[in-house]
Amino acid sequence: VEKVRKLTTEYLERVLTNSRPYSAQGKVADYIPELSKANPQALGITIATCDGQVIAVGECDTKFTLQSISKVISLIRALEDCGEEAVFQKVGMEPTGDPFNSIIRLEALNHHKPLNPMINAGAIAVASMIKGKNVEERFQGILSLLKTMTGNPKLTMNEEVYQSEKKTGDRNRSLAYFMKSTGIIETDVEEALDLYFRFNSINVQCSDLAKIGCFFANQGKLSNKQEELVSADHIGIAKTIMLTSGMYNASGEFAIHVGFPAKSGVSGGILASVPGQMGIGVIGPAIDEKGNSVAGVHVLKTLSKDLFLNMFRT
Ligand code: GLN
């Protein structure tokens, strides 16, 4: 029987060292200049446990944008604003084997509903449902939810990334306009897109992701407080969809090898949550062809195996 390794800084340093070489198998996203500036060799890990311990190693102070990780937060915001039934009238719950920005199923399947909220089409549809009198107010709603989850009042948007996302977002525009034509988007399309681009461009670091993961692990409570700040049901839905679709079209493999909910973004960040135990934030900007941090996935696989974190194997 393998010995249970204890979660210590020394142990986490070893995981980091062993995972670093995997960065060479990936490439930094380069669809916008801002992202291509990231250091492909950087690797940082922060773990925040439910009993209040925080362990951080490597380049964990690296700042990066949320990108697709924002899809989980906007889903929760929309669930809080509109309720489960209304949200899933416009977006499905099913995983997809297609790339995150794919357009093909939008016309072919499911009454034109995007398959799930973790692909671009689904996230733009979700953004169109978030309540507020204008884009700014709706954006501030998300930002304040993030500030609550992370306990970090200083979160801001990266203006350069936002401008580039906006300028190069042709595929996202076409997804959005198609959804407007089929009635999935009922509000202003440009506003939904603007919000989506802004959500993608929020600056974070590993500790923020670890805190969000911990908030999820606590079913919508801060570890030091017992008050439920977000509906536990909505957190549960978000974690389930993270498990089935959070790692794009590699979610099935990730569920087998890692076995707890996670969401990745093309900036190389991964937010992970081990129910009842901890939140994990990883940054490793070199991503594979599906959009997941190669070294980051290796870190999570190792942690899952060593610390027996796989929900289905313990
Ligand atoms: N912002 C990018 C897009 O919408 C990338 C999203 C992601 O992380 N996959 O295409």
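Data table
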read-out	value
Residue list for segment 13-45, restricted to those being within 16 Å of the ligand (Cβ to nearest atom) and of a type outside the set (F, W, Y)	G26, K27, V28, A29, D30, I32, P33, E34, L35, S36, K37, A38
Tally of residues being at pLDDT below 95 and part of a strand (DSSP E or B) across segment 33-56	0
Number of the condition not met by E159 [criteria: (1) loosely packed, with under 14 Cβ neighbours inside 10 Å; (2) within 30 Å of G52 (Cα to Cα); (3) of a type outside the set (S, T, N, Q)]	(2)
Count - residues of segment 88-106 that are within 16 Å of T244 (Cβ to Cβ), modelled with pLDDT of 95 or more and assigned to a helix (DSSP H, G or I)	1
Residue list for segment 103-128, filter: polar (S, T, N, Q), more than 18 Å from R198 (Cβ to Cβ) and crowded, with 19+ Cβ neighbours inside 10 Å	N116
Selected residue [crowded, with 19+ Cβ neighbours inside 10 Å, among the hydrophobic types (A, V, I, L, M, F, W, C), out of contact with any strand residue (DSSP E or B) (no Cβ under 8 Å at 6 or more places or on another chain) and in contact (Cβ under 8 Å) with a residue 40 or more places away in the chain] from L307, L271, L300	L307
Inter-residue pairs, beta-carbon under 6 Å, first farther than 11 Å from N200 by Cα and among the charged types (D, E, K, R) and in segment 58-76, second assigned to a strand (DSSP E or B) and modelled with pLDDT of 95 or more, 6+ apart	E59/G44; K63/N203
Of the criteria (1) of a type outside the set (A, V, I, L, M, F, W, C); (2) surrounded by fewer than 24 Cβ atoms within 10 Å (Cβ to Cβ); (3) more than 13 Å from the ligand (Cβ to nearest atom), which one P99 fails	(3)
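The values are calculated or read from the model by the stated rules, or taken from the named source; none is laboratory data. Please read all numbers here as calculations on a predicted model, not as lab measurements. FYI the Cβ positions are ideal-geometry reconstructions off the backbone, even for glycines, and counts take in every protein chain you see.
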